[in-house]
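Below: the structure, in structure tokens.
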Amino acid sequence: MKEIADKVGGLDVHRDTVVACTRVREPDGMVTLSKETFNTTRKGLEDLARFLVDAGVSTVVMEATGVYWKPVYYALEGLFPQLWLCNAQHVKNVPGRKTDLSDAEWLADVAAHGMVRPSFVPPPEIRELRELTRYRKTQVDARAREIQRLEKVLQDAGIKLTSVASAVWSASSREIIEALIAGERDPAVLAQMAKSRMRAKIPQLEEALYGHFGAHHAFVAKQTIDHIDYLDSAIGALTQEICERLVPFESAVALVSSIPGISATTAQVIIAETGGDMSRFPTAEHLCAWAGLAPASYESAGKRKPAGTRHGSTSLRRAMIEAARAAARTKGTYASAQYARIARRRGPNKAAVAVANSMLNVVWHLLTNGELYQDLGADYFESHNDPTVQVKRLTKRIEALGFDVTVTERVA
């Protein structure tokens with residue numbers, strides 16, 4: 001197999017150590033291998049960089065192992081013409097011959113022969129932004145779990161608040177729960193705390209609020225509410241920091257937010273995960289595949305078998321599927337029509353993935369062309385199948401080939 005690099009370094013990264021192997025092809029055609037193990041402390045990484053520089057390598061390859069690759073990658077960033085981070089599944093060694101030293105040698109060998117491709121690693125400012133958006137998502141998830149915990153406490157106490165209220169966490173619900181914590185037990189008094197449209201349900205509230213809310217329920221509910229308030233504060237602080245860092249990307253956020261179903265928060269996640277630079281993805285299909293929203297391919301003996309979607313960026317995939325479900329609830333949009341058509345045949349989950357794929361495809365085009373989104377409308381599929389529209393479209397294609405076309409309606 002033809003070699004594409006003469007001087008390559010392979011790194012087998014672990015938590016405490018990193019094994020390095022340099023593979024250098026000499027002018028006489030001989031290949032020289034040199035292996036050494038380093039600590040992942042600052043001094044150890046400095047020694048690693050010196051070892052690779054002294055060997056004269058131009059390409060350094062490592063596999064993505066959890067978060068342990070990050071300190072090694074950051075320490076070597078900018079020191080070599082090519083620093084590759086590779087998918088661990090793409091560089092598996094031969095079974096039965098696995099050691100740390102052989103893994104490092106194997107990485108150098110596959111890179112020297114062009115048998116692996118580097119993964120996308122965004123620049124430092126995008127990595128920092130990505131860290132913030134991902135942490136904000138964990139805080140949002142934790143907040144949702146605390147609200148669910150509050151609902152369980154109320155159910156355990158026989159308080160059927162959510163049987164009347166639309167949500168366990170609203171202005172009316174919070175005031176009622178805080179009154180329960182303070183010691184109020186009279187359902188009539190509690191029901192009078194309802195606000196706005198909930199006041200029309202006061203009789204039902206009185207019946208729902210008759211339970212056995214005890215001291216231990218009050219203690220757990222108080223701790224839960226305090227935790228929710230803390231998470232609200234943390235999410236607000238993270239959002240403020242993210243918005244400040246996204247000032248250079250305001251135009252990109254505005255373009256992405258013009259798509260129905262994509263909120264400003266989701267647009268921030270998209271920019272943080274992709275970097276906003278679509279030149280890294282040759283086509284929209286490449287971006288969808290990288291996000292794990294494109295179908296995988298599995299063919300054997302001439303038969304194609306279902307393989308689901310490809311593995312990709314879990315954070316971006318989750319954000320796009322949430323956006324797709326939001327777009328499916330919009331009125332009179334292309335996304336809602338597409339979701340409805342697919343959901344009838346394939347189910348809601350496959351429909352959400354398909355819509356997410358279409359929306360991310362649109363994101364690529366908007367960020368590439370710098371244009372706002374123009375919706376095709378909910379009647380797109382019906383008009384697309386209209387015979388009159390099909391005739392016009394076919395006529396234009398024939399005329400584009402240099403022929404004159406005359407269309408005459410057939411008389412039955």
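The values are calculated or read from the model by the stated rules, or taken from the named source; none is laboratory data. Just so we're clear, the structure is a prediction, and the values are computed from it rather than from any experiment. Quick reminder, even Gly has a Cβ in these numbers, built from the backbone with ideal geometry, and neighbours come from all protein chains shown. Just the protein is used for accessible areas: all its heavy atoms, side chains included, with ligands, DNA and RNA removed. Shrake-Rupley method; radii C 1.70, N 1.55, O 1.52, S 1.80 Å.
Skip the ligands, DNA and RNA, and give the accessible area per residue of the chain with a 1.4 Å probe, whole Å². Working shown, then result.
Numbers: 23510 Å² over 412 residues.
Heavy-atom accessible area per residue stands at 57 Å².
Testing the spin-label approximation: label points 7 Å from Cα along Cα→Cβ at ASP141 and PHE219. State their distance in nm.
3.0 nm
At 7 Å along the Cα-to-beta-carbon direction for both ASN87 and LEU401, put a label point, then send me their distance in nm to one decimal.
4.0 nm
Longer than 19 Å from Cα to Cα, which of LYS35/LYS70; LYS137/LYS350; LYS137/LYS195; LYS305/LYS350; LYS92/LYS305 are they? Say none if no pair is. Walk me through the numbers before you get to the answer.
Details: LYS35/LYS70 21 Å; LYS137/LYS350 24 Å; LYS137/LYS195 30 Å; LYS305/LYS350 17 Å; LYS92/LYS305 24 Å.
Violating the 19 Å limit, Cα to Cα: LYS35/LYS70; LYS137/LYS350; LYS137/LYS195; LYS92/LYS305.
Report the Stokes-Einstein translational diffusion coefficient (µm² s⁻¹, integer) for the chain, Rh taken as the Kirkwood radius over Cα pairs, at 10 °C with viscosity 1.306 mPa s. Working shown, then result.
Values: Rh = 26.5 Å.
Once the numbers are plugged in, D ends up at 60 µm²/s.
Report the net charge of residues surrounding ASN87, where surrounding means a beta-carbon distance below 12 angstrom and charges are Lys +1, Arg +1, Asp -1, Glu -1. Present the calculation step by step, with values, prior to reporting the outcome.
Working: positive: LYS92, ARG117, ARG310; negative: GLU63.
Around ASN87, the surrounding residues sum to +2.
If r is the Cβ-Cβ distance from TYR298 to HIS212 and R0 is 56 Å, what FRET efficiency results, to the nearest 0.05?
Values: r = 56 Å, r/R0 = 1.00.
The computed FRET efficiency comes out at 0.50.
With a 1.4 Å probe and every protein chain kept in, tell me what percent of the accessible surface of the range 80-193 is carbon plus sulfur.
Details: 2980 of 5840 Å².
Ligands and nucleic acids excluded, carbon and sulfur reach 51 percent.
Suppose R0 equals 25 Å. What FRET efficiency, 1/(1 + (r/R0)^6) with r the Cβ-Cβ distance, do ILE202 and GLN155 give to the nearest 0.05? Don't skip to the end; give the middle numbers.
Numbers: r = 21 Å, r/R0 = 0.85.
That pair, ILE202 with GLN155, gives E of 0.75.
Report the dimensions of the range 144-271 along its three principal axes from the alpha-carbon atoms, largest first, rounded to Å.
Projected onto its principal axes, the Cα set of the range 144-271 covers 55, 30, 19 Å.
When only the heavy atoms of the protein chains count and the probe is 1.4 Å, how do ASP277, ASP379 rank by accessible area, highest first? Don't skip to the answer; put the middle values down first.
Values: ASP277 60, ASP379 90 Å².
Reading off the accessible areas and sorting them downward yields ASP379, ASP277.
Would you mind pulling out the separation of the Cα centroids of the range 158-178 and the range 1-71, in Å?
With the range 158-178 and the range 1-71 each reduced to a Cα centre, they are spaced 59 Å.
Determine the dipole magnitude for the range 72-125: charges of +1 sit on the beta-carbon of Lys and Arg, -1 on that of Asp and Glu, nothing else is charged, the reference point is the Cα centre, and the result goes in debye to the nearest 20.
On the way: 4 positive and 6 negative charges, 52 e Å.
Here the range 72-125 has a charge dipole of around 260 debye.
Which whole-number percent of Cα pairs in the range 289-412 have a distance greater than 19 Å?
Numbers: 4811 of 7626 pairs.
Value for the range 289-412: 63 percent of Cα pairs lie more than 19 Å apart.
At a Cα cut-off below 17 Å, give the aspartates and glutamates reachable from LYS2, other chains included and same-chain residues fewer than 8 away excluded.
Partners within reach: GLU26, ASP28, ASP109.
What order do GLU184, GLU409 take when sorted by accessible area (1.4 Å probe), most exposed first? Present the calculation step by step, with values, prior to reporting the outcome.
Working: GLU184 65, GLU409 165 Å².
The ranking, largest first, comes out as GLU409, GLU184.
At 222 nm, what helix-only mean residue ellipticity would the chain give, in deg cm²/dmol to the nearest 500, using -39500 (n - 2.57) for each DSSP H run of four or more? Walk me through the numbers on the way to the answer.
Working: 16 runs with 218 residues, N = 412.
Helices in the chain give a 222 nm mean residue ellipticity of -17000 deg cm²/dmol.
In a shell of Cβ-Cβ distance under 10 Å around TYR230, excluding TYR230 itself, what net charge do Lys and Arg (+1) and Asp and Glu (-1) give?
Working: positive: ARG143; negative: GLU146, ASP226, ASP229, ASP232.
Summing Lys/Arg as +1 and Asp/Glu as -1 gives -3.
Tell me the Rg and the Dmax, in Å, that the Cα atoms of the range 1-117 produce.
Every Cα atom of the range 1-117 included, Rg and Dmax give 13.0, 40 Å.
Sticking to Cα atoms, compute the Rg of the range 64-152 to one decimal and its Dmax as the biggest Cα-Cα distance, whole number, in Å.
18.7, 58
Roughly how many percent of the accessible protein surface of the range 248-349 is carbon and sulfur, given a 1.4 Å probe and a whole-percent answer?
Numbers: 2800 of 5400 Å².
So the carbon and sulfur contribution to the accessible surface is 52 percent.
Assuming R0 = 25 Å, can you tell me the calculated FRET efficiency for the pair ASP226 and VAL189, based on Cβ-Cβ distance, to the nearest 0.05? Can you show the working numbers first?
Values: r = 24 Å, r/R0 = 0.95.
For ASP226 and VAL189, the calculated efficiency is 0.55.
What is the spin-label model distance, in nm, from ILE4 to ASP277 if the labels are put 7 Å beyond Cα along the C-beta direction?
Here the answer is 2.0 nm between the modelled labels.
Which length gain, in nm to one decimal place, applies between ASP100 and PHE381 when the Cα-Cα distance is subtracted from 0.36 nm times their residue separation?
95.6 nm
By accessible area of protein heavy atoms, probe 1.4 Å, what ranking do LEU161, LEU367 get, highest first? Please list the in-between numbers first.
Numbers: LEU161 0, LEU367 30 Å².
From most accessible down to least: LEU367, LEU161.
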